[in-house]
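Inspection log for the structure reproduced underneath, given as structure tokens.
Throughout, read-outs are computed from the coordinates displayed, never taken from laboratory work. Source: prediction; values computed, not measured. Note that each Cβ is placed from the backbone with ideal geometry, even for glycine, and that neighbours are counted across all protein chains shown.
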Amino acid sequence: MNILISRCLLGFPCRYDGKSTDNERLDLFMAKYKEKHNFIGVCPEVEGGLPIPRAKSERVGDKVMSEYGEDNTEAFEAGANIAVKKAIKYNAQVAILKSKSPSCGTGIIYDGTFTSKLIPGNGVTSQKLSDIGVYVITEEDLDKIEYLLDNED
Ligand code: SF4
């Protein structure tokens with residue numbers, strides 16, 4: 001199975017602060033499944049044209065704004081569209097995306113006030129992938145797809 005995955009979860013230092021994300025549970029998961037399944041990295045913010053490092057952004061209504069008031073909606077949308085194209089090209093039916101991110105967050109994201117408050121919602125890329133039928137989970141929900149991966153030919 002082809003699976004999209006947030007590139008920062010693969011150890012690439014592409015987060016807004018120039019760091020990657022360490023996750024021991026995900027490392028074990030990858031070790032178990034990487035022989036049988038194909039993990040395809042995506043970083044919608046960088047692929048959409050934003051630099052590393054960059055200002056923190058959050059969804060504010062229909063827009064994505066930086067903490068300094070810049071409107072980054074266009075870059076976030078462009079990156080999400082690239083992820084959608086990859087999902088279609090590789091027939092990826094599952095995506096593992098970084099939790100809480102304004103691009104990759106799934107189910108819960110920051111509320112747009114830059115005060116660390118969380119609200120129900122999806123990042124721009126997570127939403128677009130869900131809209132085309134990709135099953136999107138975060139790195140915190142890996143158990144949701146283990147049965148699927150264990151039983152896929
Ligand atoms: S856009 Fe997604 S993949 Fe890129 S750094 Fe942010 S959370 Fe990670």
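Given the conditions (1) closer than 18 Å to LEU9 by Cα; (2) out of contact with any strand residue (DSSP E or B) (no Cβ under 7 Å at 6 or more places or on another chain); (3) crowded, with 16+ Cβ neighbours inside 10 Å, and given that ALA92 satisfies all but one, which numbered condition is not satisfied?
(2)
So which residues in the range 36-76 are within 27 Å of GLN93 (Cβ to Cβ), of a type outside the set (A, V, I, L, M) and either surrounded by 20 or more Cβ atoms within 10 Å (Cβ to Cβ) or within 16 Å of the chain's Cα centre (by Cα) (or both)?
Residues satisfying the conditions are PHE39, GLY41, CYS43, PRO44, GLU45, GLU47, GLY48, ARG59, PHE76.
Please find, among ALA31, ALA83, the residue that is small (Gly, Ala, Ser) and touching a residue at least 60 places away in the same chain (Cβ under 8 Å).
ALA83
Tell me, yes or no, whether the range 107-115 has at least one residue that is in contact (Cβ under 8 Å) with a residue 24 or more places away in the chain, within 18 Å of GLU47 (Cβ to Cβ) and among the β-branched types (Val, Ile, Thr).
No, that holds for no residue.
Regarding the range 86-103, can at least one residue be identified that is closer than 16 Å to ASP62 by Cβ and hydrophobic (A, V, I, L, M, F, W, C)?
no
Considering each of GLY112, GLY107, GLY123, GLY79 in turn, give the residue that is within 15 Å of the ligand (Cβ to nearest atom) and within 13 Å of VAL60 (Cα to Cα).
GLY123
Which residue, of ARG25, ARG54, is outside any strand (DSSP E or B) and within 15 Å of the ligand (Cβ to nearest atom)?
ARG54
This table checks each residue for (1) under 22 Å from ASN81 (Cβ atoms); (2) surrounded by fewer than 18 Cβ atoms within 10 Å (Cβ to Cβ).
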site	(1), (2)
SER101	yes, no
LYS117	no, yes
ASN122	yes, no
ILE137	yes, no
ILE145	no, no
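Counting only residues that are within 12 Å of the ligand (Cβ to nearest atom) and either among the aliphatic types (A, V, I, L, M) or farther than 19 Å from VAL124 by Cα (or both), how many does the range 1-22 have?
Adding up the residues that qualify gives 12.
Are any of the residues in the range 117-133 touching a helix residue (DSSP H, G or I) at 6+ places or on another chain (Cβ under 9 Å), over 26 Å from GLU152 (Cβ atoms), touching a residue at least 24 places away in the same chain (Cβ under 8 Å) and polar (S, T, N, Q)?
no
Within the range 28-51, how many residues turn out to be more than 15 Å from the ligand (Cβ to nearest atom) and in a strand (DSSP E or B)?
So the answer is 1.
In the range 125-153, how many are of a type in the set (D, E, K, R) and within 24 Å of GLU24 (Cβ to Cβ)?
7
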